[in-house]
1. Within segment 879-895, can one find any residue that is buried (at least 17 other Cβ atoms within 10 Å of the Cβ), closer than 30 Å to Pro812 by Cα and modelled with pLDDT of 90 or more?
2. Given segment 572-654, what strands (runs of 3 or more DSSP E) lie entirely inside it while holding 1 or more residues that are under 40 Å from the mean Cα position of the chain (by Cα)?
3. Go through the residues of segment 454-465 one by one and say whether even a single one is without any contact (Cβ under 8 Å) to a residue 24 or more places away in the chain, more than 30 Å from His679 (Cβ to Cβ) and assigned to a loop (DSSP other than H, G, I, E, B).
4. When you look at Leu865, is it touching a helix residue (DSSP H, G or I) at 6+ places or on another chain (Cβ under 9 Å), modelled with pLDDT of 90 or more and either not hydroxyl-bearing (Ser, Thr, Tyr) or not in a strand (DSSP E or B) (or both), yes or no?
5. Here are Glu638, Glu610: which of them is at pLDDT 95 or above and farther than 30 Å from Gln520 by Cα?
6. Give the residues of segment 668-678 that are more than 20 Å from Lys1112 (Cβ to Cβ) and either small (Gly, Ala, Ser) or at pLDDT below 95 (or both), sorted by residue number.
7. Pull up segment 800-814, narrow it to residues that are of a type in the set (A, V, I, L, M) and either within 24 Å of Pro746 (Cα to Cα) or part of a strand (DSSP E or B) (or both), then point me to the one that is modelled with the highest pLDDT.
8. For segment 358-372, how many residues meet the condition of being modelled with pLDDT of 95 or more, assigned to a strand (DSSP E or B) and not β-branched (Val, Ile, Thr)?
Amino acid sequence: MYSTLATKENLTMRRATAKQFIQTGIYSSVRTFARRCCAVIATMVVAASLASAQESAQLVVDPQGPVGTIYDMVVTPDGSEIITVGVDKIPRVWDAKTGELKRSIRIPIGGGKTGALNAVAISSDGRWLAMAGRETGTGEGEMVLLVDYKRMKLVGVPYLKDVVTIVGMDFSPDGKVLAVAEHHGTVRLWDVSELSDLESGGKIDFTDRKEAQILEGHTDAVYGVNFSPDGLRLVSNSLDGLLILWVRPDLDSPFQLKRVMKEHSGMVRMCDYSPEGKWIVSAGFDGKFLLWNGESGELEKVLATTKDDKEALVSRFSPDGTRILCTANGEEGSFILDFASGEKILSYQDQGSPVLAADWHRSGEYVVTCGGTARNVSAWLAVSKDGKDAGTALFDSSGQGFRVENVAIALSNEPIVAFGPEHEDRTPSKVFDFSTLTLRDYDPSKDDGNFQWEVYERNGKKIDYIDEVTLDVDSLGKIEYVMSEDGMITDWTFGEGTERVFVSSLFSLLQHGKKDGDLQVIREYIGHKGEIRGVSVSPDGKYLVSGGDDRTVKIWRANPEPEPMPVVGVNLGELGDGVYIRGIFKGFPADKAGLLVNDRVLQIDDVVVESLKDAVSYTATKDIGDEVKYRIEREGEELFFDLTVAKYMNPNTTVYPLASLFVDEDNEWVCWRADGFYHSSPGGEKYIGWHINHGFQDLADFYPSYVFRKKYHLPELVKSTVQLGNARQAFLEAEIEKISISSLLPPKVQWVSPAFETEAAESESVDVKATITSAGTELEEIKLLLNGKAVETDYSVSGNELTFETSVKLLPGENRLSIFARNENSGHTSEERIIRGVSRGAVATLPTMPDIEKDNLDDLLRPNLYVLSVGISRYEDASIPGLDFCGADADAIAEFFGRQRKGLFKKVEVKLLKDEEATEDAVQEGLEWLEENATQKDVVMIFLAAHGVNDERGNYYLLPHDGNPDRLRSTGVAWDDFADILGNLPSRVLMFLDTCHSGQLGEDLFSLVDTAGLKRRSVGALKSAFDPSEAIRELTSEENGVVIMAASTGDESSVEHADWGHGAFTLGLLEGLRGKADVNADGIIHLRELDFFISDRVKELTGGIQHPTTVKPSTISRLPIATSKDP
């Protein structure tokens, strides 16, 4: 509740101000908690918490799009891709035509800001990528990451000693020099000419190298650098309000200062050379866009000024030099100026402000703008084209999930949380029950009045908002924040009484109260990876909930009791040739045993310590009272020390979440503990995963949570953690063996051939060669995948290393090759190699099969389509309730795809089984028919509309016409039969499931419910004791490669209605296939378009009680399904 209307208005205004402040890109925070007198004991525990990018394994959220501010971007020279970097530590590569996310580049990251990126540059030939930002180094300097973009390998790491932040970069046109703008006010020039001579797998060692030249002249942080097209001039822009023009007589000579260009009255955020090098345009915080002579550095004129003198942020010349792309803070957003007149000729405001990164596509036909209030990647036309007006948005890519700004907790004190994005009326959109791990939509008719929001006034005591960094609490006094450390205050609430206040800010979540008579920080809550926006505390004070820009909701024990922690009292660090003791804590086992700072750790028990990962992975398995033996080297002598892991009573002044939640727009979700144990909807697992660093000299790896599903998918542990309010206690009561993610890693695949990520084929086949290693257990299985489906499988492999070699016949168009490798613990699919196949002796120009331009359909070797459509409305056993429209559903699907002959497909064969025809034998024969006919170039679609049943062990069965629910093993069609055949077909496979509880396959069956004419396709009495969604997870895994579109999710039922003549899902499916899903009006319905349409349509038809879900493996990219008009 709000104490006054004025307070609510202040909150809205403050949040808007906070967004403007943090998104300007001129502010960075280095937080310290030591000033608050809270004990930092994380480095003392056995599983040490490391504060650098040398942390070996980190659990991270991956919403498939940017989280937080995007600071920089580039368009690749060939115009095919867009690369963005920002605060979320994940460089992302987008398709420049469609806006689809193509890949994420995994760089070394650590805690805090370590790994956040401010700048990116690409060489003119598109081969070399440079990235840098804040704290990507060791704390003693800054690093630039040089990446071979074609092979996606880290090839060099120039090190800038004593540099804190790198803000801008640019390659010289010949690719031999990298200019780096840094926060101390200099421009550093690095000689990178050796890059052109690197052989496959080679690297440049920058360890003992220094910059080729340091350009000094600015008095404050340099924010940008830009080479002239001939490489003889360089212009830099700075926070000091200056631009400086640097020149050299030839490409082998050093640069000299030619002119200090002073006209802006505030920071100059960006500058850019015109394509012919004659002009320079600059954007300043004084609201001016200025034009300078590119050769002399003299001011030519003021091109334009922003409305109300708001900060000018971006200025970029078009490829032909006739226009300038600009962005500004405030309502102007993004716009284009005519170079000759300086007049604004086009504006784009749908993205909001501020847009900090923007550029032209190489064609000059459209521009790409990144950021804004939506923090997305947008493309919009700069000219009219193909019947679309200039200013028309081409795509808008923002990833999944939403910024959580509103959170509330149940008044009943149960761990049930309502939450949503920013709304004026504070109405949430979702409700999640952490005690049952279930998600539903917020229903105002039932939920209003049942949740507690922030409490600003209680028992006559109030919290008053004074300004951006100050609160006045009647019962405590003034709470004052430091802008440079905490950022602006975003939300606050009383705890159980009035003696504790919880405050969120851009960079912290803290509990304040009095201790020994003084107002102090009592606890810090660490876990959010972005700005924190909303907080609430349960009425009994047990739970704290929060939401933020990282798109997560977190639930915490508000005031955890002190608890024992295992410690040995050492802080380890990786230094050059080994792992060393960096700190010893007095009075703990390491100190008592005689270990010393600078001792090199050689071995712990039987584990040889070659890296920090080795030490952390092993010691994480130890508990209080365990014996540990250290073998160390000290001054050339080897020594042995026996330690007993001690107990330390952690006062819990630093608190970590009990559980975190991420929800996407389609109600797919994942809920997890800080140590990685999780539960999720079938399609939610991909949103969290393990980021594995390999030091600073190599790119990192990322493994989605489903890779470790066998060990980490433990729903009951997640539930009990929240219910007990104690993660450690829940873990001990579950009697789970301690595990380390590093000991479970899947095999590593290193490509030898094809060497580059994208290549053109020279023949109708390609040779494949890769080295596969398994660091832990022996190899068990290898699959070669072509366009996401297995074309070669080897179950006979063994050992820890082998060379995999084969030859693959290519399909017309784009061929995506990847290798799936499994050991005893886990399996994962390698990065892709994309080969453009040949057709009849010529290189084809088509995208992924069968992604075909309509004009070329008759000229191509199209795939065949095989359709198995099953619908069962009536059952032989009269006691089984019938369904009205399953047969009609199957008929309509068979009829639609039967008309697709001469469309996308060369030949279409349909097998229809409905009612009496759909016996157990007939369904099995239908699966065998698919197995006998479908080849790797074909497409298989299977439609199921019937009852689905789980047995008492949680196994799922399709109930055929002659099935008996009491004898499922002998009369039902087991899901394993579907998985065995469909998962091993070489063709693309798409399954449509319109069965009862299809999202979780059959749970709660045999209970027909009819409400307002909506009949639920559920049949109930058999309830699974296990999580029935496991079946979908397995079939849609990377190795099986099946795409599933299910009619409903979770504990929902699939709904049908007499007015529709179909189930809601099938009706939406048919409407979408017939053209309503064709968003881009190209005449072809793609999976992504169909998914979006069905999701919205089914929710509309059912009043929000049914939510379809689509689950697909990461190995499947764009999948065309049908032509929207009859061929």
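The values are calculated or read from the model by the stated rules, or taken from the named source; none is laboratory data. Keep in mind that what you see is a predicted model, and the values were worked out from it rather than measured. Neighbour counts are summed over all protein chains in view; Cβ atoms, including those assigned to glycine, are modelled from backbone coordinates with ideal geometry.
1. Checked segment 879-895: at least one residue is buried (at least 17 other Cβ atoms within 10 Å of the Cβ), closer than 30 Å to Pro812 by Cα and modelled with pLDDT of 90 or more.
2. Here the list reads 578-584, 600-604, 627-634, 646-650.
3. Yes: segment 454-465 contains one or more residues that are without any contact (Cβ under 8 Å) to a residue 24 or more places away in the chain, more than 30 Å from His679 (Cβ to Cβ) and assigned to a loop (DSSP other than H, G, I, E, B).
4. yes
5. Just one listed residue meets the conditions, Glu638.
6. Result: Ala674, Asp675, Gly676.
7. Within segment 800-814, the first condition is being of a type in the set (A, V, I, L, M), and the residues that meet it are 802, 808, 810-811.
From the residues that got through so far, the ones that are either within 24 Å of Pro746 (Cα to Cα) or part of a strand (DSSP E or B) (or both) too are 802, 808.
On the way: Leu802: 94, Val808: 91.
Per the stated criteria, the residue is Leu802.
8. Residues that pass the stated criteria total 4.
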